[in-house]
Amino acid sequence: MESAAMRYKEIVGLAASAADELRAWELRRVQELESEILAAEQAVAEAAQREQRTAQVAHNWWRMAADNVSRLTWLELAEGPTPAANARAAWLDRYLNELKPMYQELVDSVLSLGWRARR
């Protein structure tokens with residue numbers, strides 16, 4: 001039969017082992033969380049840069065469209081574009097790719113209206 005002292009030593013040893021394992025797990029978890037936080041911060045920074053570039057591209061297209069429409073004295077220009085809360089971030093490239101054909105259609109329409117007005 002084990003003595004109480006031996007049992008106590010065994011329990012203390014197991015507790016010390018468990019504490020060491022817990023410390024090691026906590027250190028690993030801290031490293032994992034720091035890595036995840038860094039990745040999330042980088043993703044946020046990249047998203048902010050992408051948002052800024054997209055806003056600039058949209059503003060440039062709007063300026064060009066406004067310049068074309070300003071030739072039509074009977075048409076009043078509305079406010080510039082604002083970010084759409086319901087837009088899907090995954091479709092950003094698709095949205096940007098749709099700007100050029102829409103702009104060209106606007107230019108063609110303005111030119112067509114200008115030609116008709118000269119008749």
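The values are calculated or read from the model by the stated rules, or taken from the named source; none is laboratory data. Owing to the predicted nature of the structure, the values given are computational and were not obtained by experimental measurement. A quick note on method: Cβ atoms are made from the backbone with ideal geometry, for glycine too, and the neighbour counts reach across all protein chains shown. When the accessible area is computed, the model is the full protein with side chains, heavy atoms only, and any ligands, DNA or RNA have been set aside. Shrake-Rupley method; radii C 1.70, N 1.55, O 1.52, S 1.80 Å.
Below are the figures for this structure:
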{"read-out": "Cα centroid of the stretch 79-98 to Cα centroid of the stretch 27-65, whole Å", "value": "16 Å"}
{"read-out": "Ranked packing of 19-26, 94-101, most packed first, by mean Cβ within 10 Å", "value": "94-101, 19-26"}
{"read-out": "Over the chain: helical MRE at 222 nm, DSSP H runs n ≥ 4 each giving -39500 (n - 2.57), nearest 500", "value": "-29000 deg cm²/dmol"}
{"read-out": "Potential extension, residue 25-residue 45 segment - 0.36 nm per residue separation minus Cα distance", "value": "4.2 nm"}
{"read-out": "Folded to 0 to 90 degrees: helix 92-118 orientation relative to the chain principal axis, Cα", "value": "10 degrees"}
{"read-out": "Rounded FRET efficiency, nearest 0.05, which uses the C-beta distance separating residue 35 from residue 105 and R0 of 35 Å", "value": "0.15"}
{"read-out": "Listed residues 27, 75, 14, most fluctuating in the chain (Gaussian network, C-alpha, under 10 Å)", "value": "14"}
{"read-out": "Convex hull projection area averaged over all views, the chain, Cα basis, nm²", "value": "12.3 nm²"}
{"read-out": "Accessible surface of the stretch 4-117 [probe 1.4 Å, protein heavy atoms]: carbon and sulfur percent", "value": "59 percent"}
{"read-out": "Ranked order, 64, 102 - accessible area, probe 1.4 Å, largest first", "value": "102, 64"}
{"read-out": "Probe 1.4 Å, accessible area per residue of the chain, Å²", "value": "88 Å²"}
{"read-out": "Acute angle (nearest 10 degrees) that the helix 4-69 long axis makes with the longest principal axis of the chain, alpha-carbon atoms", "value": "0 degrees"}
{"read-out": "GNM top mover of 18, 43, 66 - the chain, alpha-carbon springs below 10 Å", "value": "18"}
{"read-out": "GNM result for the chain, Cα springs below 10 Å: residue of 42, 56, 31 fluctuating most strongly", "value": "31"}
